[in-house]
1. Using a 10 angstrom cutoff on alpha carbons, build the Gaussian network for chain B and name the most mobile of B:Leu82, B:Leu69, B:Leu178.
2. Using alpha carbon centroids, what distance separates segment A:94-151 and segment B:18-67, in Å?
3. Could you tell me, in Å, what Rg and Dmax come out for the Cα atoms of segment B:8-192?
4. Got a sec? How would A:Ser146, A:Ser52 order by Cβ neighbour count within 10 Å, fewest to most?
5. Normalised by the residues of segment B:70-199, what does the relative contact order come to in percent, with Cα pairs under 8 Å and at least six apart?
6. Return the average number of partner chain Cβ atoms within 10 angstrom of each residue Cβ along peptide A:156-168.
7. How long are the three semi-axes of the equivalent ellipsoid of the protein assembly as shown, in whole Å, if each is the root of 5 times an eigenvalue of the C-alpha gyration tensor, listed from largest down?
8. Given the pairs B:Lys84/B:Lys166; A:Lys84/A:Lys166; A:Lys6/B:Lys84, which are separated by over 31 angstrom at their Cα positions?
2 protein chains.
Amino acid sequence: MLHLPKPFILASGSPRRAQLLRQVGLSYQITVAEVDEEYNGREPIAFAKELSYKKARAVALSTDYAILLAADTIVVLENRILGKPRDAAEAATMLADLSGKRHEVITGYTIYDRPSDYAVTDYELTQVWFRDLDRDEIDAYIASGSPFDKAGGYGIQDDFGAVFIKRIEGCYYNVVGLPLAKVYNDLKTYIQHPKIDNE
Amino acid sequence: MLHLPKPFILASGSPRRAQLLRQVGLSYQITVAEVDEEYNGREPIAFAKELSYKKARAVALSTDYAILLAADTIVVLENRILGKPRDAAEAATMLADLSGKRHEVITGYTIYDRPSDYAVTDYELTQVWFRDLDRDEIDAYIASGSPFDKAGGYGIQDDFGAVFIKRIEGCYYNVVGLPLAKVYNDLKTYIQHPKIDNE
């Protein structure tokens, strides 16, 4: 449906984001630049937006003519940012902490135009409620290997992760890793008014 | 993860419900009975629950030993029930009506045990917000053929339907056609306490 006037670069190595873009019929190249993703203590929304901008900018510098999209998704539980679990023990603790509670998933994203260097940076926040999880369910999910490449240790789109979540408020795809409706709208606006301003 | 003590019968012809059950590792047979699905003017939640019970019961009568699951999903926009669109014109009207507005998706479901005839009937309600749709977007979606077998004329899980929805409140899978977390929990309770009572 969207016909972008320039090459489209996804500045993210996330297979889930790539899949979501394919889902809405966008073709893209993937170029990922190394940026420091260490949490710097900033307010979570500002941090996610800033990191998406840094990711977009790092790739933009090596291209002359393109539209770029970068994103960063973080999981916030009771004012604590949950990263990707490093091992099974950490995944088990994370999932037990999420069990029976509400948390927030924030994706900051940046659409960046070259050569103009105009950029839009925005975010989406979704609230997610886990039902009470059994130890058995947590163990079986960890054994599937799924938690390890995901912030917060779960994927809402996973076969089993799906039954962990009883309710969400906000954009579903934001929890997968990209707020699809919002990004789609921003790209549509960009096509209609190529000179988009930073808000 | 769930090990049901009896054969499990899905009393629904919906390929989406079958897919969701496979997703959580349940194996099942499908048996569908004809029931009158005509809207009888009842309050929507009561109607969806009643219809799921009728569907379960109609199949249960032909089996001696099984657990059955039946469900019925309805879409309610401003107190009006939206069915499956019969043609492109009706689909276009339906999607234009949904555009920019909030509606409700209600799934009534029944878990039915044979031979005891104990049953649990419950429901889930999810609120869904569409963003403003262009006529082009509506036409392209209708051309994909997707609206015609779906109440309300859209599938939240569809490649393109996904960008129509900017926000939900409630269970995502309920909008797909089965409130996965709730049904999973009820089946777990059933396994632990096989004699489940009708609420």
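1. The residue with the greatest mean-square fluctuation here is B:Leu82.
2. Using only Cα atoms to place each centre, the spacing works out to 34 Å.
3. Using the Cα atoms of segment B:8-192, the pair Rg, Dmax is 16.6, 53 Å.
4. Going from least to most buried by this count: A:Ser146, A:Ser52.
5. 30 percent
6. Per residue, the number of nearby Cβ atoms from other chains is 6 on average.
7. 39, 27, 16
8. The answer is A:Lys6/B:Lys84.
Just so you know, all these numbers are worked out from the coordinates, no wet-lab data involved. Owing to the predicted nature of the structure, the values given are computational and were not obtained by experimental measurement. All Cβ positions, glycine included, derive from the backbone under ideal geometry; neighbour counts span all protein chains shown.
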